[in-house]
Amino acid sequence: MAQPVIITVAITGAVPKKKDNPAVPVTPSEQIESTHQAFEAGAALVHIHVRNPDESSGSDPELFGRVQEGVRKHCPGMIVQFSTGGRGREPAKRGAMLYLKPDMASLATGSVNFPANVYENPPDFVEGLAKTMLEYDVKPEVEVFDLAMLYNAAGLVKKGLLKDPPHVQFVMGVPNAMPARRSIFDFLRKELKEVMPRATWVAAGVGRHQWEVNQWCLETGGHCRTGLEDNLRIEPDRLAASNAELVKKIADNCARFGRRPATPAEARSILGLRQTV
Ligand code: ZN
């Protein structure tokens, strides 16, 4: 039996603009449409940032709410994950939409340098966000941009601020953060097994590393993340036509690795989330 892989699609992100690739969805209606196409191509989880009218990274709960409502209506069972990421958002606003109770939200468990700034996640801020997620019954996706974040997450589990089993994402290839090297990927998997043995995991490769990391995950039993947030190209010399095209590339290659795309119901069961359909 082929082992199911949860395909996450990170549709928009905080940085890519339409001028970089016209397929980047920016308005809620574009985001819903792009998510729907990705859902039909095999994605079971959508990672969402919202944008202000000038395309800068947004915090408006109303925008998050509109995207969530559209996804729930058009993509039955798909897991909705909100980003609590920084990039121009005030710390106090980063969790301001969690009352909308998405299935999941991202939780970076430490600070790190990004291409042009510091992604600040001080310990008290991380604990505050984790508590808010517990309060609203939102499952965190722990974002590991650098090594210490893995052990910080294990510390949160010990303190009862993160439910066990957690879901962890290794983010590789962000300039100034953790590079996309196979030796690091293998080390992270081994360490995860020791410090959070029950955790589920996924890895994201940023930019030209996306497809390489997707294949590592398929090979080693992890879940996969793709999408225009992380990478704008389907081939080194060709822009992706849509988020769906990136998802389809994973779906089309699953069988080679003894995998198949998880249905939303399977993905919910793997992550311990309530079923909705
Ligand atoms: Zn994101």
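The values are calculated or read from the model by the stated rules, or taken from the named source; none is laboratory data. Since the structure is predicted, the reported quantities are computational estimates derived from the model, not experimental observations. Note that each Cβ is placed from the backbone with ideal geometry, even for glycine, and that neighbours are counted across all protein chains shown. Only protein heavy atoms, including side chains, enter the accessible area calculation; ligands, DNA and RNA are left aside. Shrake-Rupley method; radii C 1.70, N 1.55, O 1.52, S 1.80 Å.
Placing R0 at 22 angstrom, the Cβ-Cβ distance between residue 18 and residue 60 gives a FRET efficiency of 0.70 after rounding to 0.05. Across the range 159-210, C-alpha contacts under 8 Å between residues 6 or more apart give a mean separation that, scaled by the residue count, equals a relative contact order of 53 percent. Neighbours of residue 209, meaning other residues whose beta-carbon lies under 12 angstrom from its beta-carbon, give a summed charge of +3 when Lys and Arg score +1 and Asp and Glu score -1. Modelled label positions at residue 120 and residue 269, each set 7 Å beyond Cα in the direction of Cβ, lie 4.5 nm from each other. Summing charges over all other residues whose Cβ lies under 10 Å from the Cβ of residue 31, with Lys and Arg as +1 and Asp and Glu as -1, gives 0.
Take the convex hull of the alpha carbons in the chain; its mean projected area over all directions comes to 13.0 nm². Label positions at residue 135 and residue 101, each projected 7 Å from the Cα along the C-beta direction, are separated by 1.5 nm. Using R0 = 51 Å, the C-beta based FRET efficiency linking residue 256 and residue 27 works out to 0.90. Based on protein heavy atoms only, the range 114-185 ends up with 45 Å² per residue of surface accessible to a 1.4 Å probe.
Counting only C-alpha contacts under 8 Å and six or more residues apart, can you give the relative contact order of the range 3-271 as a whole percent? Could the numbers behind the result be given before it?
Working: 538 pairs, mean separation 66.6, N = 269.
Across the range 3-271, relative contact order equals 25 percent.
If contacts are Cα pairs under 8 angstrom and at least 6 residues apart, what is the relative contact order of the range 69-166 in percent? Normalised by residue count, the contact order of the range 69-166 is 25 percent.
The simple spin-label model puts a point 7 Å past each Cα toward its Cβ; for residue 195 and residue 239 those points are separated by 4.0 nm.
Beta bridges assigned by DSSP with both partners in the chain are antiparallel in approximately 15 percent of cases.
What does the convex hull of the Cα atoms come to per residue for the range 1-128, in Å³? If you can, show how the numbers build up before the last one.
On the way: hull volume 17.5 nm³, N = 128.
Dividing the Cα hull volume of the range 1-128 by its residues yields 137 Å³.
Under 14 Å from the Cβ of residue 80, count the other residues' Cβ atoms, weight Lys and Arg +1, Asp and Glu -1, and hand me the total.
Details: positive: 66, 72, 73, 101, 139, 268, 274; negative: 69, 103, 137, 141.
Charge balance in the 14 Å sphere: +3.
How large is log10 of I(q)/I(0) for the range 59-217 at q = 0.16, 0.17 Å⁻¹ when the intensity is taken from the Debye formula with one equal scatterer per alpha-carbon? Values returned for q = 0.16, 0.17 Å⁻¹ are -0.95, -1.07.
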